[in-house]
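The values are calculated or read from the model by the stated rules, or taken from the named source; none is laboratory data. Worth saying up front: this structure is predicted, and the values here are computed from it rather than measured. Here the Cβ positions follow ideal geometry from the backbone for every residue, glycine too, while neighbour counts run over all protein chains shown. Surface accessibility is based on the protein's heavy atoms, side chains included, excluding ligands, DNA and RNA. Shrake-Rupley method; radii C 1.70, N 1.55, O 1.52, S 1.80 Å.
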Amino acid sequence: MLALAGRPLGARFRFLEPADDPPVGELGEVEKSPYDDPEALERFASGLDVVTYEFENVPVVAARELASRVSVHPAPQALDVAQDRWHEKETFRALGIPVAPCRRVDDQSGLASAVSEVGLPAVLKTRRLGYDGKGQAVLRSTEDLDPAWERLGGRPLILEAFVPFRRELSCLMVRSTTGETRVWPLVENRHQGGILRVSRVPALESREVTQAAEAHVGRLMDHLEYVGVLAVEFFETEEGLVANEMAPRVHNSGHWSQDGAETGQFENHIRAILGLPLGSTGIRDGWAGMVNLIGGIPPVEQILACPGARLHLYDKTPRRGRKVGHVNLSAPTRDALEERMARIEALARSFGEG
Ligand code: AMP
């Protein structure tokens with residue numbers, strides 16, 4: 001999607017990809033190699049102006065190796081923070097960004113003491129390589145500790161208090177190499193089983209909430225000397241915002257902006273890393289939303305028959321829990337958006353896990 005947004009701006013792309021037959025094969029040259037092969041990294045970097053990534057589990061050493069040869073945006077230190085939930089929470093706290101009470105868990109007795117400090121319910125998560133609800137267990141009573149340890153133990157973990165949130169919101173901001181910044185309207189997100197299902201804008205939050213979210217993300221950007229799109233996911237609670245996690249990349253909760261904003265996250269990310277003027281992040285048509293297609297693809301003609309629907313398929317084989325595409329929706333009124341989203345959600349559920 002970055003390449004699709006960058007081609008009309010005159011950018012050309014080369015991809016570093018460990019998997020066979022990647023969907024990006026049609027969009028540019030592919031260097032098929034593991035991320036940590038130094039010769040492949042050298043070949044990959046040769047002749048490039050700038051490197052970026054859209055996956056936060058790229059090894060930091062590979063990003064640093066590339067950064068010794070060519071500009072890498074966002075800088076590898078952003079990856080370093082985002083790859084470890086504990087490091088991430090410590091960074092948030094140091095910057096005055098509120099987080100849920102949490103403790104590191106390094107062994108089984110550490111889990112019991114973390115539970116006695118944080119309390120129940122709580123969420124036990126792997127510090128590294130967790131996404132879409134993988135590597136997580138919700139602990140509701142002390143009986144849940146042993147099974148959770150059995151499943152997740154042996155790896156560095158973090159225990160977080162369960163946050164009784166009203167809603168989940170995300171803030172996406174972009175900063176260019178020139179220092180210019182833009183922010184999209186706050187997004188309201190609904191997750192299920194740890195996987196994002198739908199997003200909608202505007203979230204109709206208060207002015208204080210917007211200001212707080214933007215101030216938090218701005219401080220994080222300054223701290224990380226950030227270039228590109230940065231997404232931060234928040235819980236909205238009675239006491240205000242609590243930060244959950246950051247994504248140093250274009251983010252699923254910003255997919256709506258591809259069609260629903262004057263400039264989408266993919267295009268603004270490319271503009272940012274190339275030092276081009278950023279585009280307006282305003283909503284194009286009043287209301288916008290996105291529905292993820294998970295584990296299956298509904299018939300294309302049924303999706304496109306819905307007014308305002310724009311389909312984006314990823315050329316990935318459907319399997320359980322896998323995001324294989326999304327549908328963006330726009331509408332002039334909130335009621336019209338809700339109606340269109342309900343229609344697409346019903347299709348997503350009947351042909352996948354929606
Ligand atoms: P994460 O991988 O941390 O983004 O978690 C995925 C989803 O699980 C979040 O978007 C929430 O819906 C839920 N979740 C994660 N951590 C917590 C928490 N501490 N309290 C309540 N819900 C949570």
Item to check | Cβ-Cβ under 8 Å pairs, at least 6 apart or on other chains, the range 65-80 side in the same structural domain as Pro38 (by TED's automatic domain parsing) and part of a helix (DSSP H, G or I), far side among the basic types (Lys, Arg) and open to solvent by 10 Å² or more (accessible area, probe 1.4 Å) | outcome: Pro76/Arg64
Item to check | Within the range 73-92, considering residues that are among the acidic types (Asp, Glu) and closer than 12 Å to Glu245 by Cα, the one surrounded by the most Cβ atoms within 10 Å (Cβ to Cβ) | outcome: Glu88
Checklist outcome for this item: If you go through Val99, Val123, Val118, Val70, the only one that is at pLDDT 95 or above, buried (at least 19 other Cβ atoms within 10 Å of the Cβ) and more than 21 Å from Ala247 (Cα to Cα) is Val118
Next on the checklist: If I go through the range 182-211 residue by residue, how many of them are in contact (Cβ under 8 Å) with a residue 24 or more places away in the chain and within 16 Å of the ligand (Cβ to nearest atom)?
Outcome noted: 13
Checklist entry - What residue, among those in the range 331-354 that are of a type outside the set (A, V, I, L, M, F, W, C), touching a strand residue (DSSP E or B) at 6+ places or on another chain (Cβ under 6 Å) and part of a helix (DSSP H, G or I), is most open to solvent (accessible area, probe 1.4 Å)? => result Arg334
Checklist entry - For the range 150-168, which residues satisfy the criterion of being surrounded by 13 or more Cβ atoms within 10 Å (Cβ to Cβ), within 12 Å of the ligand (Cβ to nearest atom) and over 20 Å from the mean Cα position of the chain (by Cα)? => result Leu159, Ala161, Phe162
Checklist entry - Can you tell which of Arg43, Arg104, Arg93 is in contact with an Asp or Glu (Cβ under 7 Å, 6 or more places away or on another chain), more than 25 Å from Ser176 (Cα to Cα) and not aromatic (Phe, Trp, Tyr)? => result Arg43
Next on the checklist: Given the criteria surrounded by fewer than 18 Cβ atoms within 10 Å (Cβ to Cβ) and part of a loop (DSSP other than H, G, I, E, B), does Gly296 qualify?
Outcome noted: no
